[in-house]
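The values are calculated or read from the model by the stated rules, or taken from the named source; none is laboratory data. The model shown is predicted, which means the values in this text are computed figures rather than measured ones. Positions of Cβ are backbone-derived with ideal geometry, glycine not excepted, and every protein chain shown enters the neighbour counts.
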Amino acid sequence: MGIRDEVKLLTRSRDWRGRARTPRTAEPWELPTEQRPFPTAWARTPAVGTVRAGLQRGLLKPTTWTVTAPDVEGIDLLDGLRGPVVFVANHASHLDTPLILGSLPHRFARRLAVGAAADYFFNHRWRAVLTALVFNGFPVERDGRGKTASQAPQLLRAGWSLLLFPEGTRSQDGWMTRIRLGSAYLCCRLGVPAVPVAIRGTYAAMPRGRTWPVPGRPRVSVRYGRPVIPMEGESIRDFNKRLADALARLWNEEDLGWYAAQRADVSTAPADPAAAAPAGSWRRSWASSSPSAATQRPRAWTGDA
């Protein structure tokens, strides 16, 4: 075989023995098609907003309040607060969003956009349409690097408040995990306050894998905390630490009460993710699955600590 023949073989993707270099199972390479984010601007038009308000107040809230027994505290802490704000909540169940939407004052609920995972709520058109229509949802990339991540600051600048779940996904065992920096970034860059929202009991009421709450109208609690306002010159990580501590103390009120939760060391309190030992994960799931009994303690005092 001469040099010319060898060159021909190489140019045809074959070796000197005439065998193909490309595996038979290999598929031809194609330029990946660019996926456009699902449009949601139509869901924030006045006409659709009127329909959504009717769905939320006439169907979503009555249904949620019928299948669960919500206990809402801290609404009075929102008095005098005007939007836009970022509501930051822990996430353990698909019940979390309806509970927050149903418990918020109308002035916030009607101007609230909900961040929803793009790879789940917007991966099918029918689900994307329902998410945008009923919840005013907009797609959020869980890793924060997708093109849809820019919608959040645009909405805040347009006067919309946001509901975000900075843990990134629903809790695997009902306990809080570390919150990511996305919410803190928005608050610090745009100068808007964050309102921590602690939700308890929804993991026991409707954990992963269920499409409807368990029978018996389980008790769930929704607690709103004092707005956390970025300070001048405060770094995003420092603000995120303050926000995480506020959410952890609020989350602990269910077990410790308001007074003890304010003075508890969140680095050792149950809400802290460092307290989750891998060997005891089954015990954490078991504890979170226990029905939440109604407490008889007085409602939280809202004066300055």
Quick test of your reading of the structure: ARG142 fulfils all but one of (1) closer than 19 Å to PRO105 by Cβ; (2) in a loop (DSSP other than H, G, I, E, B); (3) not β-branched (Val, Ile, Thr). Name the failing condition by number. (1)
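Name the helices (runs of 4 or more DSSP H) wholly within the range 1-102 that hold at least 3 residues that are of a type in the set (A, V, I, L, M, F, W, C) and at pLDDT 70 or above? Show your work before the answer.
On the way: elements: 3-11, 46-55, 61-67.
Correct list: 46-55.
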Residue identified as out of contact with any strand residue (DSSP E or B) (no Cβ under 9 Å at 6 or more places or on another chain) and assigned to a helix (DSSP H, G or I) among PRO207, PRO153: PRO153
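Is it the case that some residue within the range 40-56 is of a type outside the set (Asp, Glu), touching a Lys or Arg at 6+ places or on another chain (Cβ under 7 Å), under 27 Å from GLU167 (Cβ atoms) and surrounded by fewer than 18 Cβ atoms within 10 Å (Cβ to Cβ)?
no
For the range 182-193: of the residues being within 14 Å of the chain's Cα centre (by Cα) and under 16 Å from VAL114 (Cβ atoms), which is surrounded by the fewest Cβ atoms within 10 Å (Cβ to Cβ)? I'd like the intermediate steps shown before the answer.
First, the residues of the range 182-193 that are within 14 Å of the chain's Cα centre (by Cα): 182-184.
Narrowing further to those that are under 16 Å from VAL114 (Cβ atoms): 182-183.
Working: GLY182: 22, SER183: 26.
This residue is GLY182.
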In the range 111-126, the residues that are in contact with a helix residue (DSSP H, G or I) (Cβ under 6 Å, 6 or more places away or on another chain) and modelled with pLDDT of 95 or more: ALA113, VAL114
Consider the range 156-176. How many of its residues are at pLDDT below 90 and not in a loop (DSSP other than H, G, I, E, B)? 0
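Would you point out which residue out of GLY225, GLY191, GLY209 is free of Cβ contacts under 8 Å to residues at least 40 places away in the same chain and over 18 Å from HIS94 (Cα atoms)?
Details: GLY225 fails: free of Cβ contacts under 8 Å to residues at least 40 places away in the same chain; GLY209 fails: over 18 Å from HIS94 (Cα atoms).
None of the other options fit; the residue is GLY191.
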Of all residues in the range 164-182 being touching a helix residue (DSSP H, G or I) at 6+ places or on another chain (Cβ under 7 Å) and of a type in the set (S, T, N, Q), which is farthest from SER235 (Cα to Cα)? SER171
Checked the range 177-196 for anything within 19 Å of ARG226 (Cα to Cα) and in a loop (DSSP other than H, G, I, E, B); matches are ILE179, GLY191, VAL192, PRO193
